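Report on the following structure.
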Amino acid sequence: MKKKNDIPYGNYEKVLMHICCAPDATYPLFYLRGRHYKVTGFFYNPNVHPITEYEKRVFEVQKFANVVKMPLVLGNYDIKEWFEYIKGLEKEPEGGKRCCLCYEFRLRKTAELAKELHFDYFTTTLSISPHKNSKWIFEIAKSLEEEYGVKFLYADFKKRNGFKSSVILSRYFNMYRQNYCGCVFSKIEAENWRTLHQKTEKSQ
Ligand code: SF4
C-alpha cells in the first residue's frame, strides 16, 4: 500500500543519488532499493572544510559503498568554484540563502553527470536532514530537470522516520558522524554554539 510521501515503485530504473555524507546515505539507499530502483552514489561536496574532514567523509562513504555493494562516483573537490558560487553570502546563518546556493551547486553537478551517463533519475540525500529545506531542494531540482532534461526523484527522505532510521543505521555500520554541516562557516557557527553552551552550563 502506498503511504503518504512514498515515491512510486520503480522498474529498476537507474538513479544517480547525490550523497552528502555516509550516514545520510544509509536509509535513502535501502529505501530506494526497496522501491525497486538501481542506485549509484555520487559523492560531490566541495563545500566541506577543511580537506582533512573532506577526506574523512570520503573514506566513510567508500567504506559503506563497499559493504552494501553500491557503485560510487567521487566528484572533484572544487572548493574554489564553491567559494565563488556562494560569494557575498558568507555571513548568512546555516539554513539561510547561502545553503540554497550550496544545494544548487551540488545538485547542478549531479544533474549534469546524470545526463552525461544516461541515468533515468537523479536525487539527493540532502532531504534526509531536518536542517535542510526540502522545499528549496525540490524547487532547485525542478529547474534543473528542465535545464538538463533528466528527471528528479522527489523523495523527501526525512519523512517516514527517515532521519531516525539513518541514525540507527549509521550506528549499526559504525560510521563517523560529523558534528557540523560542512562549510567553514557552519564549522565556526557550530564551534561558537558549543562554546556558548559550555559557558552557560558552567555558570548554572
Ligand atoms: S551550512 Fe551546510 S548547506 Fe549551508 S552552505 Fe554550509 S555546507 Fe552548505
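Coordinate-derived values only; no laboratory data. Small disclaimer: the values here were computed from a predicted structure and weren't measured. Counting neighbours? That spans all protein chains shown, and the Cβs are built from the backbone with ideal geometry, glycine included.
Search segment 145-186 for residues being touching a residue at least 40 places away in the same chain (Cβ under 8 Å) and among the charged types (D, E, K, R), and hand back the single one that is farthest from Gly95 (Cα to Cα).
Ranking the candidates gives Arg160 first.
Of all the residues that make up segment 83-107, how many are under 15 Å from the mean Cα position of the chain (by Cα) and of a type in the set (Phe, Trp, Tyr)?
Qualifying residue count for the region: 2.
Tell me which residues, restricted to segment 60-91, are under 27 Å from Pro130 (Cβ atoms), in contact (Cβ under 8 Å) with a residue 24 or more places away in the chain and part of a helix (DSSP H, G or I).
Glu60, Val61, Lys63, Phe64, Ala65, Val67, Val68, Ile79, Trp82 - these are the residues of segment 60-91 that are under 27 Å from Pro130 (Cβ atoms), in contact (Cβ under 8 Å) with a residue 24 or more places away in the chain and part of a helix (DSSP H, G or I).
I'm told Leu113 meets every condition in (1) among the hydrophobic types (A, V, I, L, M, F, W, C); (2) surrounded by 14 or more Cβ atoms within 10 Å (Cβ to Cβ); (3) within 30 Å of Glu191 (Cβ to Cβ) except one. Can you identify the failing condition by its number?
The number of the failed condition is (3).
Counting just the residues of segment 115-156 that are within 16 Å of the ligand (Cβ to nearest atom) and basic (Lys, Arg), which one comes out nearest to Gly96 (Cα to Cα)?
Out of the qualifying residues, it is Lys132.
Pick from Glu189, Glu94: which is over 18 Å from Val39 (Cβ atoms), touching a residue at least 60 places away in the same chain (Cβ under 8 Å), assigned to a loop (DSSP other than H, G, I, E, B) and not β-branched (Val, Ile, Thr)?
Matching residue, one of Glu189, Glu94: Glu94.
Kindly indicate the residue of segment 124-134 that is without any contact (Cβ under 8 Å) to a residue 40 or more places away in the chain and not small (Gly, Ala, Ser) and also surrounded by the most Cβ atoms within 10 Å (Cβ to Cβ) among those meeting that condition.
My answer is Lys132.
Within segment 135-161, how many residues are among the basic types (Lys, Arg) and surrounded by 15 or more Cβ atoms within 10 Å (Cβ to Cβ)? Working first, answer last.
Our first condition is that a residue be among the basic types (Lys, Arg); within segment 135-161, this holds for 135, 142, 151, 158-160.
Checking the rest, the ones that are also surrounded by 15 or more Cβ atoms within 10 Å (Cβ to Cβ) come to 151, 158-160.
Matching residues across segment 135-161 total 4.
Collect the residues in segment 157-186 that are within 16 Å of the ligand (Cβ to nearest atom) and either touching a Leu at 6+ places or on another chain (Cβ under 9 Å) or closer than 25 Å to Trp82 by Cα (or both), keeping them in residue-number order.
Matches in segment 157-186: Phe157, Arg177, Gln178, Asn179, Tyr180, Cys181, Gly182, Cys183, Val184, Phe185, Ser186.
In the set Pro46, Pro50, which member is surrounded by 19 or more Cβ atoms within 10 Å (Cβ to Cβ) and under 26 Å from Ser186 (Cα atoms)? I'd like the intermediate steps shown before the answer.
On the way: Pro50 fails: surrounded by 19 or more Cβ atoms within 10 Å (Cβ to Cβ).
Result: Pro46 is the single residue among Pro46, Pro50 that is surrounded by 19 or more Cβ atoms within 10 Å (Cβ to Cβ) and under 26 Å from Ser186 (Cα atoms).
Among the residues of segment 176-193 satisfying the criterion of being surrounded by fewer than 19 Cβ atoms within 10 Å (Cβ to Cβ) and hydrophobic (A, V, I, L, M, F, W, C), which is farthest from the chain's Cα centre (by Cα)?
If we take residues in segment 176-193 being surrounded by fewer than 19 Cβ atoms within 10 Å (Cβ to Cβ) and hydrophobic (A, V, I, L, M, F, W, C), then Trp193 is farthest from the chain's Cα centre (by Cα).
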